[in-house]
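These notes concern the structure reproduced below.
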Amino acid sequence: MTIASTTNYYEWLGTPDLQDELRETVVRIGYDAFRVLVDQLEKALKEVEEGGFDDYAARLAAGERLFPEPSRFSPTWQVVWAELGEKLRWKRYAYEAVSPADREGEWQIVMDNPFTNNEVVCYPTLSFIEAAYLFGYFKPTLEKNEYLRLQKVVNALQLTGE
């Protein structure tokens, strides 16, 4: 069976009987197939919620086992497994830090370094799952003195120009 670009590689990672065929096919097709695999892992990371973290981690470990040298497909993927693992780690951290009862409503991510003249970065009007993903996405890349805030919007006034 040949994997087409529309095939769900993420599902194949979770099916032990198909993992060897996945490896062989991705290696044969090369960059394009591995790119689809990485994109599907990133998409799944955005969507995974509490209760699915361990399954995601197992699929990520399968990917790392099947493709231990991702830089073979592109030098930019040299540390892709570590990056995805760190994003998962910090997304899980956000879920552990915020109780399920407090996750409803509007959330935002704020990043700043008070010791520089760079502007504050804010990602507003997010659901908790979106905010937790961005928290996991940005946390591993924080520079010295930068901070990252995952915060719930309790009250907000919003006006628009005429």
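Laboratory data are not the source of any read-out in this text; all were calculated from the coordinates shown. These numbers were taken from a predicted model, which means no experiment stands behind them. Every residue, glycine as well, gets a Cβ built from its backbone with ideal geometry; the counts of neighbours run over all protein chains shown.
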The relative contact order of the chain, taking Cα pairs under 8 Å that sit 6 or more residues apart, comes to a percentage of 19 percent
Taking Cα pairs closer than 8 Å and at least 6 residues apart, the relative contact order of the stretch 100-162 in percent is 41 percent
Protection proxy (average C-beta count within 10 Å per residue), highest first, orders 136-146, 8-18 as 8-18, 136-146
Debye calc, one equal point scatterer per Cα of the stretch 43-110, no solvent, log10 I(q)/I(0) at q = 0.28 1/Å comes to -1.32
Computed Rg/Rh for the chain (Cα atoms; Rh = Kirkwood radius) stands at 1.05
Length gained if Glu96 through Thr15 is fully extended, taking 0.36 nm per residue and subtracting the Cα-Cα distance, is 26.4 nm
Simple spin-label estimate for Glu49/Arg28, 7 Å along Cα→Cβ, in nm, reads 3.9 nm
Distance in Å, no decimals, from the C-alpha centre of the stretch 99-162 to the one of the stretch 30-95 is 23 Å
Karplus-derived 3J(HN,Hα) from phi for the stretch 96-104 (6.51 cos²θ - 1.76 cosθ + 1.60, θ = phi - 60°), whole Hz, x at Gly and Pro, runs 6, 7, 10, 5, x, 5, 9, 8, 5
Quick calc, the chain, dipole around Cα centre from Cβ unit charges on Lys, Arg (+) and Asp, Glu (-), nearest 20 debye, gives 320 debye
Expected unfolding gain across Asn8-Asp112 under the 0.36 nm per residue rule, minus the alpha-carbon gap, is 33.7 nm
Under the helix-only model (-39500 (n - 2.57) for each DSSP H run of 4 or more, divided by the residues of the chain), the mean residue ellipticity at 222 nm, to 500 deg cm²/dmol, is -15000 deg cm²/dmol
Two pseudo-spin positions, 7 Å from Cα along C-beta at Tyr147 and at Ala58, lie apart in nanometres by 4.0 nm
Note: the stretch 28-80 at 4 °C, 1.567 mPa s; Kirkwood Rh on alpha carbon pairs; Stokes-Einstein D in µm²/s works out to 111 µm²/s
Residue separation between Glu130 and Arg35 times 0.36 nm, minus their alpha-carbon distance, gives in nm 31.9 nm
Scalar couplings 3J(HN,Hα) for the stretch 42-48 by Karplus 6.51 cos²θ - 1.76 cosθ + 1.60 (θ = phi - 60°), nearest whole Hz, x for Gly and Pro, are 5, 4, 5, 5, 4, 8, 5
